[in-house]
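Trainee: Mind looking over this structure? Questions follow.
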Amino acid sequence: MILVFGLITGTLFGIFLQQAEAIRFERQVGAMRLIDMTIVKYMLTTIVVGAIGVYFLRDMGLVEFAPRAFSLGLQVIGGLLFGAGWAIIGYCPGTSIGALGEGRIGAIWPILGMLLGGLIYAFLYPAVQQYIAPIGALGRVSIADVLGVSHWVVIAVMVVGSVALFRFFERKGL
Amino acid sequence: MKIEQHHKPYIFGALSGLLLTLSVAFVGQFFGTSTTFPRAASGLVQAFGVDMSQIEFYTVGGGSNTLASFPNWQLLFVIGIGIGAFISSKFSKTFTVEKLPSMWVNRFGSSTRTRIAYSLVGGSIAMIGVRMAGGCPSGHGVSGVSQLGLSSLLALAMFFVGGIATARVLYKGGKA
C-alpha cells in the first residue's frame, strides 16, 4: 500500500513540477545565473506551505518528526559540491527524472553521471564519516531550537521574508 | 482553466506544499529522491556480478543503501515524478523531445560528446555532494527546511552558493 502512495504522490509532484516548469534545465541554470527565479519562487512557496502544514500536524499531535542531523562539515562541503555539479548538469536528482518524462532525453547523461557518483560515494563513505561528519556536528536541531523561539515565530519570519523576496523578483521581472 | 505563466511557480508550489503535508499526514513520508541513485547504482554493479556487499556503505542501516531496500516508497515516488511529468506535458502539449538543452547548446555547442563528458563529471560531483550533505533540493531543500532543520537550511544555502559560483564560471557574461 505504501508503494501505491509513493507512486501517486510522485505522479502528482511530477505534474506540479512540470506545470511550474521547475524541471527545465533553463529554469534551474537560469536561477544559478541569477536571470530567472522560477525555481526559487516554486521552492520557497512549497517550503512555506509545507512548514505550516507539517508543524500544524505536529502541534495537533498527529505526527512526529525530527530534522536531519546537522554537521557543518557535511553540509558545507557536500552542499558546495552538489551546487557545483548542479550548475554543470542543470538538474537535481528529482528533476532529472521529470525532465526525462517531458521528453528531454538528453537528461539521461546527467542521470548516468549521478548513478556513477552514487557508486563512487560508496567508496568515499568511510572517510567522509570519519573525517568530515564530526566537524561542527550538532545533532538533529531545528532553527527554532537554536534560536530558542517558537517554531511559529520562525515560520512567520519565513513567510514575511519569502513574500518580500517574491515582490522583489516580480518588480525586477526575474 | 488558464493560469498565467508567472503565477504558476506560486500556485504549483503551494499545491506541492499541500501534497507534502498530506503525504506526511497519511503515510509519514517526507519527499526525497537522491538515495534512490546509490541504491540503483549498487544494483547495476551487482548485475555485472561484482560483489560489494562487504563495503561499509552497503552494510549500514541494515542495507538501506542497497538494492535490497527496493521496492520502497522513495523508488515509486521517483518513478512517479517521471510519469507525472510525462502526463502533464502531454496534456499541456509541452512534451518536447530534446537531445540537448538550448541554453547549453548556446554556450557549449551541439556536441553530444562534450555534454556526456560534462554530465558524467558533473553528475558524479552532484551525487557525491548530495549524499555527503544528506539530501537534495527535495530532501533537504523542501522537506528539510519545512521541518525548519538547521542542517537543511545550511545545505540549501550551500547548494545555491556552489551553484551560482559555478554558473558564473561556466556561463561568464553570456546571455540566455
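Every number here is computed from the coordinates shown, using simple stated rules; none is lab data. Note that the structure is a prediction, hence the values are computed from the model and not measured. All Cβ positions, glycine included, derive from the backbone under ideal geometry; neighbour counts span all protein chains shown.
Trainee: Could you please rank B:S124, A:S162, A:S150, B:S119, placing first whichever residue has the fewest other Cβ atoms within 10 Å of its Cβ? It would help to have the intermediate numbers written out before the result.
Mentor: Details: B:S124 24, A:S162 18, A:S150 11, B:S119 29.
The fewest-first ordering by Cβ neighbours comes to A:S150, A:S162, B:S124, B:S119.
Trainee: Hey, another quick one. From the P(r) of the stretch B:77-176, can you give the percent of Cα pairs sitting at distances over 21 Å?
Mentor: Tail fraction, whole percent: 54.
Trainee: So what is the relative contact order for the stretch B:99-176, in percent, with contacts set as C-alpha pairs under 8 Å and at least six apart?
Mentor: Values: 28 pairs, mean separation 19.7, N = 78.
Rounded, it is 25 percent for the stretch B:99-176.
Trainee: Hey, fewest Cβ within 10 Å first, where do B:V97, B:V161, A:V29 land in order? All intermediate terms of the calculation are to be shown ahead of the outcome.
Mentor: Values: B:V97 9, B:V161 15, A:V29 28.
Ascending Cβ contact count within 10 Å gives the list B:V97, B:V161, A:V29.
Trainee: Further, regarding this structure: Among A:W86, A:W109, B:W73, rank each residue by its count of other Cβ atoms within 10 Å, from fewest to most, as a rough exposure measure.
Mentor: On the way: A:W86 32, A:W109 23, B:W73 20.
The order, fewest Cβ neighbours first, is B:W73, A:W109, A:W86.
Trainee: Using Cα pairs closer than 8 Å and at least 6 residues apart in sequence, work out the relative contact order for chain B, in percent. All intermediate terms of the calculation are to be shown ahead of the outcome.
Mentor: Values: 90 pairs, mean separation 42.6, N = 176.
For chain B, the relative contact order is 24 percent.
Trainee: Between A:A66 and A:L174, what length in nm is gained on full extension when 0.36 nm per residue of separation is reduced by their alpha carbon distance? Working shown, then result.
Mentor: Numbers: separation 108, 0.36 × 108 = 38.88 nm, distance 3.46 nm.
Computed gain between A:A66 and A:L174 is 35.4 nm.
Trainee: Compute the orientation-averaged projected area for chain A from the convex hull of its Cα atoms and round it to one decimal in nm².
Mentor: Values: hull surface 49.5 nm².
Answer in nm², one decimal: 12.4.
Trainee: Working from the alpha-carbon coordinates of the stretch B:75-126, get Rg over Rh, Rh being the Kirkwood radius.
Mentor: 1.08
Trainee: What longest region of chain B stays clear of trypsin sites (Lys or Arg not before Pro) that DSSP places outside H, G, I, E and B and that have at most 15 other Cβ atoms within 10 Å? All intermediate terms of the calculation are to be shown ahead of the outcome.
Mentor: On the way: sites that count: B:K2, B:K93, B:K99, B:K172, B:K175.
Longest gap between qualifying sites, sites excluded: B:3-92.
Trainee: Looking at A:L3, A:I89, A:A144, which one has the Cα that reaches farthest to the positive end of the dipole of chain A (charges on Cβ: Lys, Arg +1; Asp, Glu -1)?
Mentor: Of the candidates, A:I89 comes out farthest on the positive side.
Trainee: Which FRET efficiency value, to the nearest 0.05, is calculated for B:I116 and A:L124 with the Förster distance at 25 angstrom and r the Cβ-Cβ distance?
Mentor: Numbers: r = 23 Å, r/R0 = 0.92.
Efficiency, rounded to the nearest 0.05: 0.60.
Trainee: What are the residues whose amide H is under 5 Å from the amide H of A:F70, where those residues sit 5 or more places off or on another chain and H is modelled from the backbone?
Mentor: A:L138, A:G139, A:R140, A:V141
Trainee: Taking a ≥ b ≥ c as the square roots of the eigenvalues of the Cα gyration tensor of the stretch B:25-98, is the shape rounded (a/c under 1.5), prolate (a/b larger than b/c) or oblate? Don't skip to the end; give the middle numbers.
Mentor: Values: a/c = 3.88, a/b = 1.73, b/c = 2.24.
In terms of gyration-tensor shape, oblate.
Trainee: Can you give the mean number of other chain Cβ atoms that lie within 10 Å of the Cβ atoms in peptide A:56-63?
Mentor: Working: counts 2, 4, 2, 0, 1, 0, 2, 5.
Partner-chain Cβ atoms within 10 Å, mean over residues of A:56-63: 2.
Trainee: Something else now. Evaluate the charge dipole of the stretch B:1-146 about its Cα centre and quote only its size in Debye, nearest 20, assuming +1 on the Cβ of each Lys and Arg and -1 on the Cβ of each Asp and Glu. Walk me through the numbers before you get to the answer.
Mentor: Details: 10 positive and 4 negative charges, 116 e Å.
Charge dipole of the stretch B:1-146: 560 debye, to the nearest 20.
Trainee: Let me ask another. Kindly state, as a whole number, the per residue volume in cubic angstrom of the convex hull around the alpha carbon atoms of the protein assembly as shown.
Mentor: Details: hull volume 47.8 nm³, N = 350.
Dividing the Cα hull volume of the protein assembly as shown by its residue count gives 137 Å³.
Trainee: For chain A, modelled as a GNM with alpha-carbon contacts under 10 angstrom, which of A:T38, A:T95, A:T46 fluctuates the most?
Mentor: So, out of A:T38, A:T95, A:T46, the one fluctuating most is A:T46.
Trainee: For chain B, what is the mean residue ellipticity at 222 nm derived from helices alone (per DSSP H run of n ≥ 4: -39500 (n - 2.57); sum divided by total residues; nearest 500 deg cm²/dmol)? Please list the in-between numbers first.
Mentor: Working: 7 runs with 105 residues, N = 176.
The helix-only estimate for chain B comes to -19500 deg cm²/dmol at 222 nm.
Trainee: Can you tell me the relative contact order of chain A? Whole percent, Cα pairs under 8 Å, sequence separation 6 or more. Intermediate values should be presented prior to the final figure.
Mentor: Details: 122 pairs, mean separation 52.9, N = 174.
Computed over chain A, the figure is 30 percent.
Trainee: Given a cut-off of 24 Å, name the pairs among B:K8/B:K99; A:K41/A:K172; B:K8/B:K93; B:K8/B:K90; A:K172/B:K8 whose C-alpha atoms lie farther apart than that in the structure shown. All intermediate terms of the calculation are to be shown ahead of the outcome.
Mentor: Values: B:K8/B:K99 26 Å; A:K41/A:K172 13 Å; B:K8/B:K93 16 Å; B:K8/B:K90 18 Å; A:K172/B:K8 17 Å.
Result: B:K8/B:K99 exceed 24 Å.
Trainee: Taking each residue in B:97-110, count the Cβ atoms of any other chain within 10 Å of its Cβ, then average. What number comes out? All intermediate terms of the calculation are to be shown ahead of the outcome.
Mentor: On the way: counts 5, 9, 6, 5, 12, 3, 11, 7, 1, 0, 1, 0, 0, 0.
Taking the mean over all residues of the peptide, I get 4.
Trainee: Select from the stretch B:1-98 those GluC sites (Glu not before Pro) which occupy a DSSP coil region and have at most 12 other Cβ atoms within 10 Å, ordered by residue number. Mind showing how you got there, number by number?
Mentor: Values: sites: B:E4, B:E56, B:E98; in loops: B:E4, B:E98.
Taking the stretch B:1-98 and a limit of 12 other Cβ atoms within 10 Å, the loop GluC sites (Glu not before Pro) found are B:E4.
Trainee: Something else now. Top mean-square fluctuation among A:Q75, A:Q18, A:Q130, Gaussian network model of chain A, C-alpha springs under 10 Å?
Mentor: A:Q130
Trainee: Which one, B:L76, B:L120, B:L153, has the greatest fluctuation when you compute a Gaussian network model over chain B with C-alpha springs under 10 angstrom?
Mentor: Maximum among the listed residues: B:L120.
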